[in-house]
Amino acid sequence: MIPLKDMAPAAANNINTRFIILDKGKTTLEGETKACLALVADETAAVHFQFWGEECDAFELGDIVCLVNGIFSYNRHNLVLRAGRRGKIEKVREFTMVYVEAPNLSEIRWVPDPNNSKYVQESVLSPYSRIFPPLP
């Protein structure tokens, strides 16, 4: 399992991690498929997670989720973590996990590294989620 802070955008399904669901947006339709965005976090960082289809109804706030072979990439100009076609998400327990809401990896500008095919952090767009702002 890798901590969220160690992720970088990539086109490969190679992310194995665990996180807690902190907030969930409304379910919408992307064509004929349901989709919803959530704010998830572990003890190192937070990120936006894209749920698809039945996943939208299967997971709730406070669920602790294990992601296997996930992907951290752009979807409709938003940087999100998701299971993708090859990945799998599974609820492993609920309510008890240490987490932080910053940094939010979805709120960082990433650029290609000129020395290899990976991405590196260029700048922070917002320290917290602009979609799920922290409570005052």
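The values are calculated or read from the model by the stated rules, or taken from the named source; none is laboratory data. Note that the structure is a prediction, hence the values are computed from the model and not measured. When we count neighbours, we look across all protein chains shown, and the Cβ atoms used for this are built from the backbone with ideal geometry, even at glycine. When the accessible area is computed, the model is the full protein with side chains, heavy atoms only, and any ligands, DNA or RNA have been set aside. Shrake-Rupley method; radii C 1.70, N 1.55, O 1.52, S 1.80 Å.
Per residue, how much accessible surface does the chain expose to a 1.4 Å probe? Answer in Å², no decimals. The partial results should precede the final answer.
Numbers: 7880 Å² over 136 residues.
I get 58 Å² per residue for the chain.
Compute the distance in nm between two label points, each set 7 Å from the Cα along the Cα-to-Cβ direction, one at Arg76 and one at Lys88.
In this crude spin-label approximation the distance works out to 2.8 nm.
Quick check on my link table: of Lys34/Lys91; Lys88/Lys118; Lys34/Lys118; Lys24/Lys91; Lys34/Lys88, which ones sit more than 21 Å apart, alpha carbon to alpha carbon?
Working: Lys34/Lys91 19 Å; Lys88/Lys118 24 Å; Lys34/Lys118 31 Å; Lys24/Lys91 15 Å; Lys34/Lys88 17 Å.
Checking Cα-Cα distances, Lys88/Lys118; Lys34/Lys118 exceed 21 Å.
Each label point is 7 Å from the Cα along the Cα-to-Cβ direction; what then is the distance between the points at Thr28 and Val124, in nm?
It works out to 2.7 nm between the two label points.
Given [x] 7.5; [y] 11.7; [z] 8.3 as candidate values of mean projected area of the Cα convex hull in nm², which corresponds to the one derived from the coordinates?
[z]
In whole percent, and with a 1.4 Å probe on the protein chains, what portion of the accessible area of the range 79-136 is carbon and sulfur?
Numbers: 2200 of 4240 Å².
Summing carbon and sulfur atoms, their accessible area is 52 percent of the total for the range 79-136.
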